1. Considering only residues that are assigned to a helix (DSSP H, G or I) and either within 13 Å of chain B (Cβ to nearest Cβ) or crowded, with 24+ Cβ neighbours inside 10 Å (or both), which ones fall in the stretch A:401-421?
2. Across the stretch A:585-627, what is the number of residues that are more than 22 Å from the chain's Cα centre (by Cα), surrounded by 12 or more Cβ atoms within 10 Å (Cβ to Cβ) and of a type in the set (Gly, Ala, Ser)?
3. Quick check: is even one residue across the stretch A:32-48 at pLDDT below 95, in the same structural domain as A:LYS130 (by TED's automatic domain parsing) and within 34 Å of the chain's Cα centre (by Cα)?
4. What's the number of the condition B:PRO134 fails, among (1) crowded, with 16+ Cβ neighbours inside 10 Å; (2) part of a helix (DSSP H, G or I); (3) modelled with pLDDT under 95?
5. Checking the conditions here, which among B:ILE98, B:ILE92, B:ILE52 is hydrophobic (A, V, I, L, M, F, W, C) and touching a Lys or Arg at 6+ places or on another chain (Cβ under 9 Å)?
6. When residues of the stretch A:252-303 are filtered for being in contact with a strand residue (DSSP E or B) (Cβ under 7 Å, 6 or more places away or on another chain), closer than 28 Å to A:VAL236 by Cα and loosely packed, with under 15 Cβ neighbours inside 10 Å, how many remain?
7. If a residue must be of a type outside the set (Ser, Thr, Tyr), more than 14 Å from chain B (Cβ to nearest Cβ) and either in contact with a Ser or Thr (Cβ under 6 Å, 6 or more places away or on another chain) or part of a strand (DSSP E or B) (or both), how many such residues does the stretch A:483-520 contain?
8. For the list (1) under 24 Å from A:LEU646 (Cα atoms); (2) touching a Leu at 6+ places or on another chain (Cβ under 7 Å); (3) at pLDDT 95 or above, I need the number of the one condition that A:GLU722 fails.
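The values are calculated or read from the model by the stated rules, or taken from the named source; none is laboratory data. Quantities reported herein were computed from a predicted structural model and do not represent experimental measurements. In this analysis, Cβ positions are derived from the backbone assuming ideal geometry, glycine residues included, and neighbour counts consider all displayed protein chains.
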Amino acid sequence: MDQVKVGVFLSDCGKQLSEILDFNALTNYVKKVSGVVLVGRSSEFWRGKGLQFIVDAIKDGKINIVVVAESLPKLSEVNIVQAVENAGLNPYLVEVIDLKDHCAWPHRKTPSEATEKAKAMLLAAIERAKLLEPLEKLEFPVLKSVLVIGGGIAGMQAAVDLTDLGFEVHLVEKAPFLGGLAAQAGRFFPTDDCAICIQSPVSDVKTITHTSRKCVYRSGFSEISNLNILTNSRIVSMEGVPGNYKVTIEKKPRYVSDLKCVACDLCTAVCPVEAPDEYNAKLKTRKAIYMNVPNVHPPVYVIDESVCKFHDCAKCVEVCPTKAIELDQKSERITLNVGSIIVATGFQEFDSSVIKEYHYGDYPNVITNLELARMIDGFGPTGGVIARPSDRKPAKKIVMIQCVGSRDRRYNPYCSSICCMISLKHALSIKSAYPDTDITICYIDIRTTGRQHEDYYERAREMGIKFVKGRPTEISRDPETGRLIVDVEDALLRRFLELEADLVVLAPAMVPSEGTKELVQIGLEPLLDEDGFFKEYNAKLRPTETRLRGIYICGGATFPKDAPTTSLHAHSAAIKAAKFLTAGKIVKDQRTAVINEEYCGDCQFCPVICPYGAISLEPTSEEHFVARVSDLLCEGCGVCVGTCPLNAIELRHSRPNQMLAQMKALMSVNGTSKPLVLAICCSECGHTAVDSSGMAMMQYPANVRVMKVPCTGILQVHQFLEAFKAGAQGVMVVGCKSDGCHYEVGSQKAEKKVELARMLLKEYGIEPDRLEMFNMVFIEGNKFAEAAQTTTEKLEKLGSLQLMGGS
Amino acid sequence: MEHGKTISLAFSDVVKSRLGGETLTLCYQCGTCASSCPVAKITPRFNPREVIKLSLLGEKDEVISGDAIWLCCSCFNCQERCPQKVEIADVIYALRNIALKKGYIPNIYSEFASALLNDGRIVKVSKFVENKRPTLGLPPLQPTGVDVLRKILSATGFDKLQQKKEETS
């Protein structure tokens with residue numbers, strides 16, 4: 001590299017800072033630092049004349065490293081870096097610090113101490129900047145196609161959105177027909193209309209307004225030219241990287257040609273095989289060749305290969321007028337290359353039979369909400385009649401039981417959130433059709449939190465539906481009459497009730513679907529939460545993103561949801577995927593981890609710890625391998641650096657020598673009688689808490705010096721010791737909340753390392769209290785100021801640190 | 001709960017800190033315990049849900065001086081079926097221990113305890129029973145080894161609790 005020529009630019013923010021800090025002293029101090037060739041001073045350097053001054057200095061070849069002290073660096077840095085790049089210098093050779101919120105304002109009552117701290121801050125920035133390396137920007141291609149897994153309402157809505165935007169979409173559904181759980185649900189709340197309709201695609205030109213809803217079978221959904229619908233198909237494997245995934249799909253044979261079938265129904269009339277109808281919750285049977293209901297998509301029959309006698313029977317082949325039945329179809333493997341994946345695998349009902357005292361699966365008249373939904377549906381197994389499965393007689397007394405397996409720490413601790421509304425909807429719909437039906441709902445708490453949801457509860461009371469506050473302990477059956485008896489305490493009456501019933505309807509918990517569980521096998525397990533649902537990257541800001549760039553989630557796959565929320569979620573996932581795909585490329589910089597292969601030695605810690613799956617192991621010989629970092633997947637947190645036992649990993653721009661130079665500089669000037677404290681803050685929440693304390697002019701002593709790291713997870717135990725060696729009397733580690741780390745695990749890892757380092761300090765005869773971890777967010781500036789104050793007081797009590805070797 | 005009575009919310013913390021009482025605050029009053037309880041079905045004097053609720057509200061006096069907590073028959077039906085994994089029967093044991101420390105214990109339990117300390121049996125064996133045994137072909141009752149038992153009871157502090165009770169009553 002050329003000779004180091006550092007330009008330092010001091011902004012006094014319109015003299016706000018020069019009233020507190022002695023800018024002449026700062027200028028004189030900086031001028032003497034080796035490598036500094038130019039010192040500028042202005043009221044601002046992030047725009048206008050000030051910024052032009054920096055640009056000119058670069059263009060004239062006066063400087064090749066830029067250090068700026070400017071307020072609000074998180075904003076101003078963007079402008080400065082862009083200008084530096086435009087001026088022809090590598091934009092990564094810039095260091096911006098904040099003398100206002102990190103120095104002048106929080107120490108305004110002790111101006112001379114503040115000036116000394118400012119010197120240390122400037123020196124740290126210059127020393128770090130001198131060690132920075134120029135970095136290149138990397139580009140990775142992104143295919144403009146999407147795979148949507150799951151053909152329920154979430155998957156279909158997301159697919160329509162993306163095809164409307166012009167992307168090529170592959171929609172994979174493992175069942176032979178689209179619709180998912182929604183297709184079985186009949187009606188939805190709060191609209192009380194049919195479940196199985198979607199917003200029509202823009203290609204449907206006959207629709208008067210594009211916002212109108214349409215049944216799937218007449219929506220034009222199947223005719224969207226850039227939509228490839230694969231039913232009866234499942235994902236077998238997935239490999240590749242964001243922007244370029246290779247997905248293998250197994251498409252099972254339908255045995256009926258979708259090009260020839262005219263859905264005339266002659267085949268089902270002659271088929272001699274009866275099988276339980278799963279779509280109708282096994283409340284009736286269907287033939288081996290079947291269609292769920294007449295209005296499904298695709299409108300093509302399918303043969304159930306587990307029961308069909310194929311060539312031994314072949315009656316359907318004989319009768320089919322269009323020769324559509326092809327008994328020799330084989331399953332096929334399809335390979336798709338897609339840029340992005342949307343997971344919309346939905347949820348399903350919890351298996352209530354594990355709660356033995358409710359006898360589901362044992363007593364035929366104990367059914368679930370989904371089974372009841374099929375009965376209520378006019379297309380259903382009973383044609384809309386509410387009947388006892390045992391003898392098909394109408395059910396006159398119905399008891400509904402809420403929270404079956406939900407809010408139950410033995411099975412699913414969460415509230416499934418939609419079951420109260422489902423039961424209320426069912427109760428209202430039965431009571432409207434058959435007003436003499438006696439319905440009692442046993443509940444723990446009724447939860448109707450959405451718009452218009454409370455109306456259902458109100459109407460239910462109005463119509464005479466009874467509510468018992470209590471969770472039944474048991475359902476028993478009268479051995480003579482066969483009637484069911486529900487044993488429950490009404491907690492409000494403090495009375496024990498034995499409710500007789502023709503039919504007991506359980507409201508089971510909603511749990512992750514089989515489809516979700518299958519995706520575990522293709523490597524998506526790290527994205528699941530403790531309940532088995534897909535976990536969003538950030539519940540507030542990124543509800544449909546995952547921590548794997550390019551993979552999005554929506555609908556019930558993330559948690560049980562009602563239809564409006566599922567829709568909303570699907571649109572969100574679609575727009576996130578579209579944002580990712582539109583540019584056709586991913587642009588990243590190289591502030592990523594880099595492996596020193598000479599030191600790397602077979603331990604496998606880093607690939608396991610990396611939250612982004614960015615590290616893989618590559619064999620170097622028969623028994624040895626070496627870690628490799630993908631610059632595309634690496635998010636630059638440095639958690640691997642902090643974990644590597646051999647110091648074989650470094651993070652570009654946060655290398656140990658760069659951090660050490662910074663530490664030493666921060667501790668080189670004291671200017672106060674107080675013990676020096678190094679506060680190592682993560683660049684996310686920790687550092688912004690320091691910003692906010694300064695912005696609010698909260699006062700803390702100037703002996704506390706702030707050093708920024710990408711994530712506290714990067715820290716290694718020996719770095720704490722180095723800080724003490726560099727002159728710190730105490731070290732504060734300030735990270736995000738342990739369950740809110742921007743890099744998932746960094747803050748937790750840092751906590752563990754601080755714990756370990758404290759044990760080591762004790763061994764070395766150093767008070768462990770000199771090192772402490774803090775967790776805070778931006779709005780907790782007061783917490784930082786307090787922590788800085790109490791740490792200083794604590795260290796004053798402890799007295800000065802005695803290290804072996806003198807310093 | 002009567003109006004104006006002092007409610008001490010810390011009582012739930014006291015119960016939680018006792019062995020067996022840890023799960024108290026998980027309760028959301030669904031009543032599965034009550035409908036599972038064979039005692040509650042035959043007497044209004046005991047309802048496990050209510051005992052838990054009163055403890056949560058800090059109605060200390062009502063809980064520990066009343067007889068409800070002593071009516072639990074420890075069948076553990078409630079505990080088996082509680083969806084929140086509240087260890088109801090164990091919570092009741094914790095409450096009984098707190099009650100005993102305050103000197104509340106029904107006489108019958110107190111008599112059991114004295115009998116245990118004195119004879120090594122919770123029920124005193126009457127002359128009638130002793131005479132009856134041989135006629136039924138049963139061997140005479142063996143001595144209980146009460147000395148060893150007393151050592152154990154003394155090591156656990158049981159004897160002191162019992163003494164305290166006798167002093168206060």
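1. Filtering the stretch A:401-421 for residues assigned to a helix (DSSP H, G or I) gives A:419-421.
Within the stretch A:401-421, A:CYS419, A:CYS420 qualify.
2. Total meeting the criteria: 4.
3. Among the residues of the stretch A:32-48, not one is at pLDDT below 95, in the same structural domain as A:LYS130 (by TED's automatic domain parsing) and within 34 Å of the chain's Cα centre (by Cα), which makes the answer no.
4. Against the list (1) crowded, with 16+ Cβ neighbours inside 10 Å; (2) part of a helix (DSSP H, G or I); (3) modelled with pLDDT under 95, B:PRO134 comes up short only on (1).
5. B:ILE98
6. 1
7. Matching residues across the stretch A:483-520 total 10.
8. Evaluating A:GLU722 over (1) under 24 Å from A:LEU646 (Cα atoms); (2) touching a Leu at 6+ places or on another chain (Cβ under 7 Å); (3) at pLDDT 95 or above leaves (3) as the failure.
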